[in-house]
Structures are given as structure tokens and as C-alpha cells.
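Working notes for the structure below.
The values are calculated or read from the model by the stated rules, or taken from the named source; none is laboratory data. In this text the structure is predicted, and so the values were computed from the model without any measurement. Please note: Cβ atoms are built from the backbone with ideal geometry, for glycine as well, and neighbour counts cover all protein chains shown.
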There are 2 protein chains.
Amino acid sequence: MGEEIREVLTKLSETLGISEKDVKKHLGRSIRLMKYRGLEYAVFRRELLGYREGTVILLGEEPLIVHGYPSIQRLAFIEGVKKHMIDKVVVEEKMNGYNVRTIYYEGEVYAITRGGYICPYTTSRIRKLYGKNIEFINKEYGNYVLVGEVVGTENPYVIYDYPEARGFDYFVFDIMDGDRLLPLKIKKEISEKYSIKTVRELAIIDKDDISTLKQVINKLEKEKREGVVLKDPEHRVPPLKYTTIYINIKDIEEGMKHPFDEGRSYLFSRIIRLIAQGYEYNWNDDELNRIALKLGKAILEPAIKSLKKRAEGKIIASSYVLVFPSKQDLEEFIEFMEALGVDFITKIIEERKEEVIVELMKLKETHGIYSKMLETGYSPLD
Amino acid sequence: MGEEIREVLTKLSETLGISEKDVKKHLGRSIRLMKYRGLEYAVFRRELLGYREGTVILLGEEPLIVHGYPSIQRLAFIEGVKKHMIDKVVVEEKMNGYNVRTIYYEGEVYAITRGGYICPYTTSRIRKLYGKNIEFINKEYGNYVLVGEVVGTENPYVIYDYPEARGFDYFVFDIMDGDRLLPLKIKKEISEKYSIKTVRELAIIDKDDISTLKQVINKLEKEKREGVVLKDPEHRVPPLKYTTIYINIKDIEEGMKHPFDEGRSYLFSRIIRLIAQGYEYNWNDDELNRIALKLGKAILEPAIKSLKKRAEGKIIASSYVLVFPSKQDLEEFIEFMEALGVDFITKIIEERKEEVIVELMKLKETHGIYSKMLETGYSPLD
């Protein structure tokens, strides 16, 4: 066994308070070792030893546990807020992007995805955007972890254009101190003081004031926005989330470009959300017909279009445009995607000073399945 | 170990040509022991030792293997028939019911479901309907197995009303000799000679005559029928199946009465079928809109209706009316459903001579999940 892995085992054993033998048992399965630049880190790929999925242990000089962000209970019915909350409810906008924890650790800022990976691309962009701000927060408050949504059009995960967002942007929605979500007032103070954008606070309501909450959600519906996260001001009870009909259908439409990838995984859950909405809003026949048509088209149209594309010999992939601060960042990102087992192609579109513009294509399962369907005429499912 | 189980082990070991130890290894998992009246039998719950899932070993005086009916490859595109078939293709109607193998064995007729269980209800009804006919076939041909679809409104599995069918009816589509599907001519001869109904033969075409095949399918589409099974006249290559747009959407509509039961399992596969149909038929905007609306309504409407029903305190279950020849048959069927772990209620509606009319309600997972949603307001899925 190499010196390096022995050191890692010792650090993990000490940090987690379990034997090295037990650490070994989990390595490679539940706990995965990764490296970004000089920093080794351990990723919890599932809930384990009382730590949430997505928890990370940064294995520098002084190992640090970055806890996973808790998963948020989804409401089927807006009315459910009355049963769950205590008194006041802060209604924050839920943005359509990906969840990123940022932390300053041993001299550098790192951006950690929901699953617990330091994403080299996200890290490189966050450093440019907020590197200094996050460093200053660390100087004042210690190991606080900012949690926010990366949104916009320049990322390798979720492309969604917000008028208020830069191509790559970061909106903080919580600050964690260890395992604990800080009161929203503190998040607000720190974000304002250090000029970090936050998600919009849309209202503060009494938990029984469903009519105001519905008004807020109806407005988001019209503005084609994702939805809300409902929080107790002090996080005395866990937050709740609720999404618009618009985004539930939009997710299906996007997903069904690749039915055997996102399509398959999005379909049922979004449909269940719509069913609950149809019930709570008590749709009449016109409303039902209007939404049924949208849903049906969102399911069929993109999938048939992709099948045509494949029949014409085109590749079925999802495409992203990324802007790397340097070529080193690009190389590190490529290594990262390879380590995660993603099937992809990159192509440099343009190289400027401090800007390497790259097209990333993630190849889809749908590509191969459609190919075989077209070749044999057989259905891939019974 | 009891005398009886010892005897079963010996019989299975001899019939399968493997050691008793190996038999034991599979018992309770891959091979399940069941009993119907005096007859013990072993069910292959999955493919094993070269036998298909649904294979049954009848453990009477002289054990007999009843092979599973092969699963039929589904076509995504009608055009696929050209690549798969040899020359001629027999186009048979695919009926919407459940697959049942019938056999005369040591003095009695038994009806075996696709999964390999002797269904006491189906057996009791088939005996009344075709008991003598099947016995005579056995006298002339030995252990031939009839394979057909039970259809109609009086069964505990698939309720679908065919004008040409009695409340409980049986349409043969193949005869098996051991593992082998007999040429269709022989099936025809035997069925005619012994007055057993068969599924309709809709056409015999040349494999390249896609336009005739499409005409046949379009007619079924208009008549709201399920689809076709395409067979080589001598079964030199395996059959193919293809279903109408009508039934693909109808399945979803039926299934979505219970979204967390059949709904969840039907949804994706039927949608994939529709996508392939949209591509092959090259739907224009009007056609796409028409089918999208139907699909959307088939998904949302029954599920919202069920949720309303549950909110009003009603039970979410699927309901069947069964006609048993005797009370003993009813009791045996109840035992059978209990052994399979089905959650159900029965209620005798009427008792006459040789007719016990029973309402069967199968309780659905959806019942409990909807209850919890309504109680907490939480979504059962993320």
C-alpha cells in the first residue's frame, strides 16, 4: 500500500471516528476518493455513518467535513404548508439550475456539486466570480459553506436562461455552519455585506395564508419560473418545495428529447406533480384539455423529432457551451468527466486570453437505443 | 422432512435431471411449489436450467413439463416485419386478455397462466367451456398444450368486452408440443375438428407487402382492437407483435386509474410505442395534436378522478365480477390469491345452482399513497 493511500486512510479514520478497517470496507463503494489539483477528497455516495449523501471530506492538512445539503421535501398540495410550518414562512424563489456548495479551504475556493464532487468547471467559474468574496467570508466567519444555485447558459448541467443572470451565475439560498442551516437573516446579512447574489425572497407569509402563497405561485406560473422553496425563518423545521405546472411540463419536454435518458427518469414524477395540481386547482374541462394537450405534446414531439434526427444519421447528444478561464481548467474538467464515466466529446470553439470557449456534447443512451430500433425494427421494450 | 416433500424432490430431480441438492437450492426462489386440489406442481418463476419463465412441472403419477409460452418480440415499426420474416406471414389478431395454456393431465383439465400458475377460477371456467374438447384432443394427440387468450368481462385479470366473446371466453392462438409451436395449419385443423374458437386470421401476406399489413392494422385501429401477432406459417422464425395507437393510449387510460400500480408500469412502454408510431406514420401537426390531447387526457383525467375519489373517502381498488361454477371453486380461488400475496376482498353477490356470482376487489398501492399525500400534503416522489 502506497504512502499516500495510508495517509488518506488515517485521516478518514480519525475524521470519521471509525477504524481504518471500516474505512477500507466503504472505500470504492459508498465512499469514493477523488482528487482536484493538489486536494484529495472523499465523497459520500450515499447516506452513511449518519452523514448525508453528498457529504465531502476535504483531505488537506486539516481534514474538513462539508456536509451534504439536505434534500427538500416536495409538497404535492400547496395547502400542505399549513400542516408543516410553525408560524411564519419565507417564500424564496426556487431557481432552475444545479445545487452548489462553495467553501474556502486551505487557501482556495472549491465548488461542490449536490452529489459531493468538486466540479473543476464550476470551481473555475465561481473563483472568478466570487473567489475573493468567499475568501473574505471565511476570514470573518470560518468554515461557513454557501449553498446556492448555479444558473444560466454556460454550464455543463442545466441550461436555463434567466434575464437577471449572467451566462454563468450563482445565487445563494442558504449558508451552512457544519450540519446546520443558518437563520435566513444571517444569510441575508452576509450575502449583502459581501455582495453575493441571493435567490429572490418573494414574500414572508403566515403559514395559514394560502391565498397569498397561491398568488405568488400563480405569478411565477405566468412568468415561466420554476417554483418556490418555503422556509421557516430560523430553519426550525425543514424547508418545503413546490414547482409550477409550467416547469413540470417543461422538464418533460426537455427530458423527452432523450427518452431513454432524462425522459424515462423525469416522466412519472412530473406527471404525479401535475395530477396533484389538477386536483388541488380543481381544473375544469377546458383547463384539463389545455394542460393535457401541452403534456401530450411535451411527451411526443421532442421524442419523435429526435428519432427523426437519428434516422437522418445525426448524433443524439445534449450540447453545452462552456467558457473556461484557462486550458488547464478544461483539461481538469475533461479528466473529471472521464472519472465520472460520462460519455462525451469536447471541441474548442475559440481561444482567447483567459477564455477558452468549448462545446461539450454528452452522448445519450437514447442514441444507441434509437439506432438499434431503426436497424432492426424491434421495440426496445415489451 | 415430510414424506410428501421428499417425493416432490425426487420427482423434480428426475424430471429435470439435476441432483436433489440442486433442486433444493432453487426451491422457494426460482422454483415455487404450489398445489391445486390433489395436484402438486412446480412453477419456474424465471428462466432457469434452459426452461423459460412460466414453465410448470405437473407432479402427478407421471410428472410432465409444460413449457412456458415464449415471449413475443414487439415491433416498433411495422416495416420491421420485412427484416424478420422469411416469406409468408400469417397476420393473426392479438386479443386483449390474458395468456392461458390448457392441458389435459391425469384425468383433468388445467388452465395455466403466463406466469405458470394453475388459476382455479380460469380452470373452473375452461373446464365448463371446453373440458370435453380438450380431453378429446388429448386422447387423439397426447400432451399437446393449447395456448390462447382468455377474454371478456368475467375474469379476475383483464376486463375487455369483445362483441364476439361470451362473458368468459377462450380463443386459441397456438398449440405447443413440448417446447415447440406447431405449424398454424395443424392448430387450425385441431381447433376446427374439436370446435374450439381461435383468434381471427386477418390475412396471409408476403413479408414485403407492408401496404396490405398497414391496411389491416388501420382497420383494427378504427375498430378499437388491440393489434396483431405476425407469424411464420410454420413458426420457422419467432412471431412478432404490434399494437394499435388506440390500445396503447387505452392501456394508459386504464392504468392511470391507479398511477402507482399499473400506471407507473404501463406509462413509459406505451409512450415509446406511440413515439415509434408518430415517426413511422409521419404524423402532421393536426395528427400530433389530436393524439397528444388524447394521451395527455389518458394520463391526467383518470388519475385526478381517483385522487378525488380517495379524498371523498372511497377505496381505490380494481373491481371484477366472477362467476364460479361452485363454492368450492371460489374457496380455492381465494386460497390461490392469498398464496400469491394479492391484497383483495370478495363479496358474494348471488348464489344459484352452478353459479356463484362474486365481486372481487383488488386493493391498490395507489390507495395508500394517495391517502398519505392527502393527509400530509407531501409528494410521495421528489
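Before moving on, here are some points about what is shown:
- Out of A:Leu49, A:Leu9, sole residue that is surrounded by fewer than 17 Cβ atoms within 10 Å (Cβ to Cβ) and either in contact with a Lys or Arg (Cβ under 7 Å, 6 or more places away or on another chain) or aliphatic (A, V, I, L, M) (or both): A:Leu49
- Verdict on A:Leu75 being of a type in the set (A, V, I, L, M, F, W, C), more than 25 Å from A:Met337 (Cβ to Cβ) and touching a strand residue (DSSP E or B) at 6+ places or on another chain (Cβ under 7 Å): yes
- Selection status of B:Ile316, touching a strand residue (DSSP E or B) at 6+ places or on another chain (Cβ under 9 Å) and within 14 Å of chain A (Cβ to nearest Cβ): yes
- Residue match in region B:285-297 (condition: crowded, with 16+ Cβ neighbours inside 10 Å, under 30 Å from B:Ala42 (Cβ atoms) and among the aliphatic types (A, V, I, L, M)): no
- Screening region A:74-93 for residues that are of a type in the set (Lys, Arg) and out of contact with any Phe, Trp or Tyr (no Cβ under 8 Å at 6 or more places or on another chain) and picking the one that is farthest from the other protein chains (Cβ to nearest Cβ) gives A:Lys88.
- Total residues in region A:324-348, condition touching a residue at least 40 places away in the same chain (Cβ under 8 Å), of a type in the set (Gly, Ala, Ser) and more than 13 Å from A:Lys35 (Cα to Cα): 1
- Residue count, region B:21-73 (criterion: touching an Asp or Glu at 6+ places or on another chain (Cβ under 6 Å) and either within 14 Å of another protein chain (Cβ to nearest Cβ) or among the small types (Gly, Ala, Ser) (or both)): 3
- Filter pass, A:Gly278 being facing chain B (nearest Cβ under 9 Å) and either charged (D, E, K, R) or within 15 Å of B:Ile304 (Cα to Cα) (or both): yes
- Among the residues listed as B:Lys25, B:Lys21, B:Lys11, the single one being touching a residue at least 12 places away in the same chain (Cβ under 8 Å), over 13 Å from B:Gly116 (Cβ atoms) and not in a loop (DSSP other than H, G, I, E, B): B:Lys11
- Checked against the criterion of being surrounded by fewer than 21 Cβ atoms within 10 Å (Cβ to Cβ) and within 14 Å of chain A (Cβ to nearest Cβ), the candidates B:Lys224, B:Lys250, B:Lys207, B:Lys185 yield just one match: B:Lys207.
- Count of residues meeting criterion [out of contact with any helix residue (DSSP H, G or I) (no Cβ under 7 Å at 6 or more places or on another chain) and in contact (Cβ under 8 Å) with a residue 40 or more places away in the chain] in region A:198-224: 7
- For region A:86-134, a tally of residues being basic (Lys, Arg), more than 15 Å from the chain's Cα centre (by Cα) and in a strand (DSSP E or B) returns 1.
- Enumeration of residues in region B:327-366 that are within 18 Å of A:Phe268 (Cα to Cα) and out of contact with any strand residue (DSSP E or B) (no Cβ under 7 Å at 6 or more places or on another chain): B:Glu365, B:Thr366
- Restricting region A:351-378 to residues that are touching a Ser or Thr at 6+ places or on another chain (Cβ under 8 Å) and within 14 Å of chain B (Cβ to nearest Cβ), the residue that is farthest from A:Ala303 (Cα to Cα) is A:Met373.
- Residue identified as among the small types (Gly, Ala, Ser) and part of a helix (DSSP H, G or I) among A:Gly80, A:Gly54: A:Gly80
- Helices (runs of 4 or more DSSP H) wholly inside region A:264-382 containing at least 3 residues that are within 27 Å of B:Leu293 (Cα to Cα) and modelled with pLDDT of 95 or more: A:264-280, A:285-311, A:365-376
- Any hit, region A:114-121, residues being surrounded by fewer than 23 Cβ atoms within 10 Å (Cβ to Cβ), closer than 26 Å to A:Tyr242 by Cα and touching a residue at least 40 places away in the same chain (Cβ under 8 Å): yes
- Qualifying residue in region B:288-303 (condition: of a type in the set (Val, Ile, Thr), within 10 Å of another protein chain (Cβ to nearest Cβ) and free of Cβ contacts under 8 Å to residues at least 40 places away in the same chain): no
- Filter pass, A:Glu47 being closer than 25 Å to A:Met337 by Cα and free of Cβ contacts under 8 Å to residues at least 60 places away in the same chain: yes
- Selected residue (criterion: farthest from the other protein chains (Cβ to nearest Cβ)) from residues of region B:231-247 that are assigned to a helix (DSSP H, G or I) and not hydroxyl-bearing (Ser, Thr, Tyr): B:Ile247
- The condition (being more than 9 Å from chain A (Cβ to nearest Cβ) and surrounded by fewer than 15 Cβ atoms within 10 Å (Cβ to Cβ)) is satisfied by just one residue among B:Ile334, B:Ile348: B:Ile348.
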